[in-house]
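S.K.: Below you will find the structure I want to go over with you.
Read the figures in this text as sums done on the coordinates, not as results from a lab. As the structure is a computational prediction, the values presented were derived from the model and not from experiment. In this analysis, Cβ positions are derived from the backbone assuming ideal geometry, glycine residues included, and neighbour counts consider all displayed protein chains.
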C-alpha cells in the first residue's frame, strides 16, 4: 500500500473530511498544520520507535502484551489495519488496530506531543476505521483509562460514545513453557 500523505488545506475542512478508498487506493487529504506527514502501514521494523512513542505518551498503558513478539503476532493477524505517521523520517503517530471477525478494536493511539491538535490522531483513526469497514466490521471498541480526561474528550469529540453500562473483566493467562 502506498504512503498516505497529509498535506496542507484548511483545518475546518478536515473536520468534515475523511479519507476515501477509491479504485483500490487511498486518496490523499491534507491538514493545514501537518506538512510532510506520511502515513504508512505499521511494520514490525517500526517497533522500537513506536514503543518509545507509546512510553512517552500519557494514557497509554503498556504491558507484556506489548512486547515485540506480541505486536508482531498482532500485526500478522491483522494485516494493513495499523498505521504509523512519520515526519522527516521520525515516527510521530501510531495506531494499533485490528478485529476479531465481529468487532474492531483500537488498542493504542498515540501522537507525539509536538504534533498534537493538528488532526493527526483523527487521520490515523479514520484510516484504520476505513480498513475495518472494508473487512465488513460494523462496530469498533477501544479501552481507555477512566482518568484519561484528554483522551476521553478526544474520542467523544470525534463521535465515539462511552459505554457506561459495560465493565471490562480480565484474567491473566499464565503461559506454559514446554521443553
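S.K.: For region 86-126, list residues with backbone N below 17 Å from a point placed 7 Å from the Cα of residue 145 toward its Cβ?
M.R.: 107-113
S.K.: Sort 154, 143, 51 so that the residue with the fewest other Cβ atoms within 10 Å of its own Cβ comes first and the one with the most comes last.
M.R.: If I rank by nearby Cβ atoms, fewest first, I get 143, 51, 154.
S.K.: Here's something else I'd like to know. Taking neighbour counts of Cβ atoms within 10 Å as a proxy for exposure, in what order, fewest first, do 49, 72 appear?
M.R.: Ascending number of Cβ neighbours within 10 Å: 72, 49.
S.K.: At R0 = 30 Å, how high is the FRET efficiency between residue 38 and residue 174 if r is their beta carbon distance? Nearest 0.05 is fine.
M.R.: Calculated transfer efficiency: 0.15.
S.K.: Something else now. Based on other C-beta atoms within 10 Å, arrange 74, 47 from fewest to most.
M.R.: Starting with the residue having the fewest Cβ neighbours, the order is 47, 74.
S.K.: Over all directions, how big on average is the projection of the convex hull of the alpha-carbon atoms in region 60-160, in square nanometres?
M.R.: Projected area, direction-averaged: 6.9 nm².
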